[in-house]
Structure formats: structure tokens, C-alpha cells
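Q: Mind looking over this structure? Questions follow.
The values are calculated or read from the model by the stated rules, or taken from the named source; none is laboratory data. Values in this document were obtained by computation on a predicted structure and should not be read as measured data. No Cβ is skipped: glycine too gets one built from the backbone with ideal geometry, and neighbour counts run over all protein chains shown. Quick note on the areas: whole protein, heavy atoms, side chains included, nothing else; ligands and nucleic acids left out. Shrake-Rupley method; radii C 1.70, N 1.55, O 1.52, S 1.80 Å.
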Amino acid sequence: AIYPANDHRERLYSIGMVDDNLQLSVRLHPQGLGSSFLHQLTVGETMKAKIVRNEHFHFPKKLPSAILICNGTGIGPFLGMISQNTPQTSCHLYAGFRDETSIFLYKEQLDNYLAARKLTRLQLAFSRMTQQVYVGDLIKRDAQLVAEVLANKGVIMICGSLAMQKDVMQVIDSICQEKLKLSANHFQAHQQILSDCY
């Protein structure tokens, strides 16, 4: 939580811990109170902030496999989770962006995670390119993997926009019904589908 106007108004952002540094991904909105404030900060400046813990959204310690699904700035906390994936849990990241320039900021970091085997597989969807692809399309294509991860006590984590979450959950629910004869609600109730969306 940050307090850009130094008053009661707070703006919440999902953060990741990468090499002892807090990392967050923020999209600049021209009239946005929080994003404009953060964009204008320079190195060495301080700001008023606090950590608001989300106890229900973290990478479980003992885990056979994980599917991480995000769009836009929702990639922020996943970068931290992947960086801390020391047991080399099988980890698949599905990330949706508007176009290929959006991934530029994270490309080197993600390539390093792939090389270090902290990240098993990276799947990218670009919604504003000639051939529009959304993360839901990739999840639908990889239905067998989704079913296997859930059947083997793995987790699916979703971070990003509420619209993306809604679309992805519909896809996941249909996969669960078809391949596992259970609803997505069953896996949410057993903490195998977790989300932090806004």
C-alpha cells in the first residue's frame, strides 16, 4: 500500500521479492494518483508505504507443480515467486500482454529463470497483435497439463485483471468438469486455485 498524496488515500500493488529487493510492476495511467506518483519518483527519494500481507496468495512450500497465470502488471508477484523457486518445482508461467514490447522489461529476468530451471516453461499471449491471443486461449490449448497439475495436488495461481480472471476461470472450470469430473470450485476450496486480481 502506498500513500501518494501523503494522506488517507492508499493505492494497493502486488509485489514480489527478488534478490532482497521489493519489485512491483505498475502501468502508468496519465491521471492516475498512484502510478503518476511512482513514475515521478527518482532514486533516493522516500515514500510512505506499508506491507499488506495476503496470506492466501503465496507459493506453497511443498508443491509438485504450479501454473502461474497473469496479465499485464499481474506478473509482478510471480517474478518474486519464481526467483525463490529453489526446490525447482515444475513451474509454468502463462502471461498475457498487449504486444511484444510489453514483455521487454521482463525478458532478461525470465530468460535467466528458464536457464536456472526456476521456470519450466514460459507461454506468452499478445492481445493487440495481428493474431490476437489471450491467456485463456493458451490455457484451453494446454487443458491436459491443467488437469494433471490439479490431479497431482499442484496449484494454479492467477494475478491480474478481474476480466482476465473471469475468462480464465471459465476455461479452467470447463477443463475440470470435462477431465476431472469436478468443478473449479472444488479446487478453490482445497486451496489449489488461488487468485489475487483487481
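Q: Given H placed 1.01 Å from N in the peptide plane, which residues other than close sequence neighbours of Ile193 have an amide H under 5 Å from its amide H?
A: Ile156, Gln188
Q: In Å, what Rg and Dmax follow from the Cα atoms of the stretch 92-198?
A: Rg and Dmax of the stretch 92-198, Cα atoms, are 14.3, 40 Å.
Q: Same structure again: Evaluate the distance, in nm, between pseudo-label points positioned 7 Å from the Cα of Ile103 and of Val133 along their respective Cα→Cβ axes.
A: 0.8 nm
Q: Please list, in order along the stretch 81-94, the HN-Hα scalar couplings obtained from phi with the Karplus expression 6.51 cos²θ - 1.76 cosθ + 1.60 (θ = phi - 60°), rounded to whole Hz, x for Gly and Pro.
A: 4, 5, 4, 9, 7, 5, x, 6, 4, 4, 9, 10, 10, 10
Q: If you don't mind, another one. Using 0.36 nm per residue of separation minus the Cα-Cα distance, give me the extension gain between Gln188 and Ser36 in nm, one decimal.
A: On the way: separation 152, 0.36 × 152 = 54.72 nm, distance 3.54 nm.
This chain segment gains 51.2 nm when fully extended.
Q: Now for a separate question. Would you mind pulling out the separation of the Cα centroids of the stretch 176-195 and the stretch 101-165, in Å?
A: That distance is 19 Å.
Q: Would you mind telling me the antiparallel percentage of the DSSP bridges in the chain, rounded to 5?
A: Details: 6 of 29 bridges.
Antiparallel: roughly 20 percent of the beta bridges in the chain.
Q: Can you check what the net charge comes to around Arg128, using other residues whose Cβ is under 11 Å from the Cβ of Arg128 (Lys, Arg +1; Asp, Glu -1)? Walk me through the numbers on the way to the answer.
A: Working: positive: Arg98; negative: Asp99, Glu100.
Net of charged neighbours comes to -1.
Q: Working with all protein chains in place, sort Leu33, Leu28 by solvent-accessible area computed with a 1.4 Å probe, largest first.
A: Values: Leu33 55, Leu28 80 Å².
Listed by decreasing accessible area, they come as Leu28, Leu33.
Q: Calculated from DSSP H runs of 4 or more alone, at -39500 (n - 2.57) each and per residue, what is the 222 nm mean residue ellipticity of the chain, nearest 500?
A: Values: 7 runs with 65 residues, N = 198.
Only helices count here, giving -9500 deg cm²/dmol.
Q: Could you give me the ³J(HN,Hα) list for the stretch 160-171, computed from phi with Karplus coefficients 6.51, -1.76, 1.60 and θ = phi - 60°, whole Hz, x at Gly and Pro?
A: Along the stretch 160-171, the couplings run x, 6, 5, 5, 5, 4, 4, 5, 5, 5, 5, 5 Hz.
Q: Shifting gears a bit: Rounded, prolate or oblate: which fits the stretch 62-107 when a ≥ b ≥ c are the square roots of the eigenvalues of the alpha-carbon gyration tensor, with rounded for a/c under 1.5 and prolate only if a/b beats b/c? Walk me through the numbers before you get to the answer.
A: Values: a/c = 2.68, a/b = 2.09, b/c = 1.28.
Cα axes put the stretch 62-107 in the prolate bin.
Q: For the charge dipole of the chain, defined by +1 on Lys and Arg C-beta atoms and -1 on Asp and Glu C-beta atoms about the Cα centroid, which residue among Met81, Gln188, His29 has the Cα displaced farthest towards the positive pole?
A: My answer, from the dipole projection, is Gln188.
Q: Taking the highest mean first, how do the peptides 51-64, 152-165, 131-144 order by number of other beta carbon atoms within 10 angstrom per residue? List each step's numbers first, then the result.
A: Details: 51-64: 11.4, 152-165: 19.3, 131-144: 16.2.
Result, highest mean first: 152-165, 131-144, 51-64.
Q: About its Cα centre, what dipole magnitude does the stretch 10-118 give when the only charges are +1 on Lys and Arg Cβ and -1 on Asp and Glu Cβ, stated in debye to the nearest 20?
A: Details: 11 positive and 9 negative charges, 69 e Å.
Taking the Cα centre of the stretch 10-118 as origin, the dipole is about 340 debye.
Q: Using the Cα centre as the reference, give the magnitude of the dipole from point charges on the C-beta atoms of the chain (Lys, Arg: +1; Asp, Glu: -1; all else neutral), rounded to the nearest 20 debye. Don't jump to the answer; show the numbers that get you there.
A: Details: 20 positive and 17 negative charges, 64 e Å.
Computed about the Cα centre, the dipole is about 300 debye.
Q: Continuing with this model, one more query. Provide the FRET efficiency to the nearest 0.05 for the Asp111-Ala151 pair, computing r from the beta carbons and using R0 = 41 Å. Provide the component values of the computation, followed by the final result.
A: On the way: r = 30 Å, r/R0 = 0.74.
Step by step, r from the Cβ atoms, then E = 0.85.
Q: Going out from 0 in 5 Å bins, what whole percent of all Cα-Cα distances in the chain drops into each bin?
A: Per 5 Å bin, starting at 0, the Cα pair percentages come out as 1, 7, 15, 19, 20, 16, 11, 6, 3, 1, 0.
Q: Counting only Cα atoms, I'd like the Rg/Rh figure for the stretch 48-146, Kirkwood definition for Rh. Spell out each step's value before the answer.
A: On the way: Rg = 14.1 Å, Rh = 14.4 Å.
Here the Rg-to-Rh quotient is 0.98.
Q: What are the semi-axes of the equivalent ellipsoid for the stretch 1-64, taken as the square roots of 5 times the Cα gyration tensor eigenvalues, largest first, in whole Å?
A: 26, 14, 12
Q: Please compute the modelled spin-label separation between Leu22 and His58, points set 7 Å along Cα→Cβ, answer in nm with one decimal.
A: Simple spin-label model gives 1.6 nm for this pair.
Q: Is there a pair in Lys48/Lys140; Lys61/Lys179; Lys62/Lys179; Lys48/Lys107; Lys62/Lys140; Lys107/Lys166 whose C-alpha atoms are over 32 Å apart, and which pairs would that be? Working shown, then result.
A: Values: Lys48/Lys140 42 Å; Lys61/Lys179 27 Å; Lys62/Lys179 25 Å; Lys48/Lys107 30 Å; Lys62/Lys140 27 Å; Lys107/Lys166 27 Å.
In this structure, Lys48/Lys140 lie more than 32 Å apart at Cα.
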